[in-house]
Amino acid sequence: MKALKSLFEFYINSSIHVALAVLALVHITVLEFDIELPKAYNFFVFFGTITGYNLVKYAPVAGLHHRSLTKSLKTIQVFSLLCFVVLVYFSFQLSLQTLLYSGLFGLLTLLYAIPVFKSKSLRTIKGLKIFVVALVWAGVTVTVPLLAAQESLSGDSWVTFIQRFFLVIALIVPFEIRDLPYDNSILGTMPQLLGVVATNVLVTGLTGIAFILEAFKDVVSYPYAISLLLICLLTACATFFADKNQPKYYASFWVEGIPILWLAVFVLLRGVLL
């Protein structure tokens, strides 16, 4: 049992879970737009997410919340280095265009973690943190896959990008609520600026807008629309029940796993309705 617990903690703390969530969002885009991606892009996203997230989480600016991980930090660092090596290997199997577009979001991740603006990173610029993360997630899971599949960015793809952007913001909020006792006030997170109750109302509004935007698409996929509605409701509920004293893995496992559930529901509905 102790070994299983250690394995589970490594799975969460090493960002494998979040990498699977990002990969799930990529495949939701693949299914929605019926595109075919280079297989290498899946590995590129998976190992790139682990590398990028661990850089952000365990950089010195990560704060007090991760000090309890010092015993396993070296193992995660070695694992992250191996993931980076694999990332480089698969990057050579992608087109230069895909690498350039991915590189833009990779640069944002670096600027998020490393202080370059008068000793400040994008993470420490008040109120900016959540929007940078949402932009990177939306770009890597919507824009880059479409461009990697040599598809043009249509109006529908931009609607999906905005939907993804709003949903990722909503998925981040439970983490910001969890980290209220640890985050420096300079970060200006939504719960810090608005309070928990007002933040919950805002998230409910964002998830509602994300679903309503589906009506503005030229081509509406009913399996996608129904799965989107369910996930918007689930995300709003997950934020509503989040608080500063939430269970240890409430955000990092259950909330972070919502995109994986979304993919499963979408695939199931496609099988039933198509």
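Every number in this text was worked out from the coordinates using simple rules, so none of it is lab data. Here the structure is a predicted model, which means the values were calculated and not measured. Virtual Cβ from ideal backbone geometry, glycine too; neighbours counted across all protein chains shown.
Stretched out fully, how many nm does the piece from residue 154 to residue 212 gain, at 0.36 nm a residue minus the Cα gap?
19.1 nm
Taking all pairs of different Cα atoms in the chain, averaging 1/r and flipping that mean, what Kirkwood radius in angstroms comes out? The partial results should precede the final answer.
Values: mean 1/r = 0.0520 Å⁻¹.
One decimal place: 19.2 Å for the Kirkwood radius.
Think of the chain as a dipole: +1 on every Lys or Arg Cβ, -1 on every Asp or Glu Cβ, centred on the Cα centre; then among 269, 7, 23, 7 lies furthest on the positive end. Radius of gyration (Cα atoms) of the stretch 151-257, expressed as a multiple of 2.2 N^0.38 Å: 1.16.
Highest average first, the peptides 79-90, 200-211 ordered by how many other beta carbon atoms sit within 10 Å of their residues are 200-211, 79-90.
Given the pairs 2/244; 2/39; 39/217, which span a C-alpha to C-alpha distance of over 32 angstrom in this model?
Details: 2/244 27 Å; 2/39 36 Å; 39/217 28 Å.
Listed pairs above 32 Å: 2/39.
Assuming charge only on the beta carbon of Lys and Arg (+1) and of Asp and Glu (-1), the dipole of the chain about its Cα centre is about 1120 debye to the nearest 20.
Taking the dipole about the Cα centre of the chain, with the C-beta of Lys and Arg at +1 and of Asp and Glu at -1, give me whichever of 209, 236, 252 is farthest to the positive side. The residue sitting most towards the positive pole is 252.
Between residue 97 and residue 268, the distance separating the two model label sites (each 7 Å from Cα on the Cα→Cβ line) works out to 3.7 nm.
In summary, the aspartates and glutamates within cross-link reach of residue 129, defined as a Cα separation below 16 angstrom excluding same-chain residues under 8 places away, comprise 176, 179, 183.
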